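The values are calculated or read from the model by the stated rules, or taken from the named source; none is laboratory data. Values in this document were obtained by computation on a predicted structure and should not be read as measured data. Methodologically, a virtual Cβ is constructed for each residue, glycine included, from the backbone with ideal geometry; neighbour enumeration extends over all protein chains shown.
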């Protein structure tokens, strides 16, 4: 089962943690002789949260996005390509295709792509058209229950609609198998690629939304416990790691990292490399490395904190490159300098966490009742 989107908010990390200089942005409004220029500033604040072109399309519409991504007309003497937007990449790239709305002639987003081809029934009302009617109805409803209105409950309400499409396609598939095995396999391939994929995605998103709600409940419901008021959990160098390793405390600090500090990518990477230590393997090493784009500083802001600096980071990257190129290469026992960098992030964020209300509730004994 493969999740298509991550509904927990994940923002680009560590702009506050590491004082980086912003790269200058080329002026997009250079005048040309008789040629109009595009001013992107008016819409950039609307699209600053978009993490892929598909997300941008869903935000402001496909046609507007396509126009937005076209460079401004320039004089013939200027041959410089300037991208319209610098969109950060998703951790898990999950592009969505579109289909044309015949009534308006514009492309709209879809969750399930319709069956291609034409029905053979009278007045084109065969099984294909009946299934595509269900698909259109689902896509329209899915849009109304997504975006800012999404919730575990709204996505759960969509599951019966997906299952209804799957059941109709399954019946057609079984019936077609009797007379046209090749056509039946096309139907089955569509069921897997579109319907089952969408159900898998929605179930994953439901789980993510439920987890987000549970983390928020733990964060809001924090209360004093003398077991966690000791230096191990308050002032020691490893206090942050202690919180993440303690089931009663981990949800509170995880929520802070994800929703307050926008360090979800670093948190998830830290959790995966920690888990990796228990069962190292070539497949897992490459999967984790690729998922979090550890070949560059970007997503995790890996800038060489800790012993060895950037040189140690580069040595680890070279080790992974060797592992990728040779099945006989030694499997790393851990993520070394990258793991240390992630631990530094977790520890640095804990400094700010100490000022939060939930932390104070857990570690500060309540005042005795007045006499």
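Rundown of residues vs (1) over 21 Å from residue 357 (Cβ atoms); (2) in contact (Cβ under 8 Å) with a residue 12 or more places away in the chain; (3) exposed (fewer than 14 other Cβ atoms within 10 Å of the Cβ); (4) within 22 Å of the chain's Cα centre (by Cα), yes/no style:
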| position | (1), (2), (3), (4) |
| --- | --- |
| 202 | yes, yes, no, yes |
| 212 | no, yes, no, yes |
| 215 | no, yes, no, yes |
| 230 | no, no, yes, no |
| 239 | no, yes, no, no |
| 245 | yes, no, yes, no |
| 257 | no, yes, no, yes |
| 266 | yes, yes, no, yes |
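Does residue 288 satisfy being touching a residue at least 24 places away in the same chain (Cβ under 8 Å) and in a loop (DSSP other than H, G, I, E, B)? Outline the logic, then answer.
Working: touching a residue at least 24 places away in the same chain (Cβ under 8 Å): yes; in a loop (DSSP other than H, G, I, E, B): no.
No; evaluated as a whole, the condition is false for this residue.
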Considering the range 219-261 alone, what residues qualify as being under 17 Å from residue 344 (Cβ atoms) and assigned to a loop (DSSP other than H, G, I, E, B)?
236, 237, 238, 261
With the checklist (1) modelled with pLDDT under 85; (2) outside any helix (DSSP H, G or I) in hand, flag the one item residue 113 doesn't pass.
(1)
Looking only at the range 150-165, which residues are touching a residue at least 24 places away in the same chain (Cβ under 8 Å) and either outside the structural domain of residue 192 (by TED's automatic domain parsing) or more than 25 Å from residue 115 (Cα to Cα) (or both)?
150, 151, 152
Mind telling me which of the residues 209, 145 ends up being within 12 Å of residue 111 (Cβ to Cβ), modelled with pLDDT under 95 and touching a helix residue (DSSP H, G or I) at 6+ places or on another chain (Cβ under 9 Å)?
145
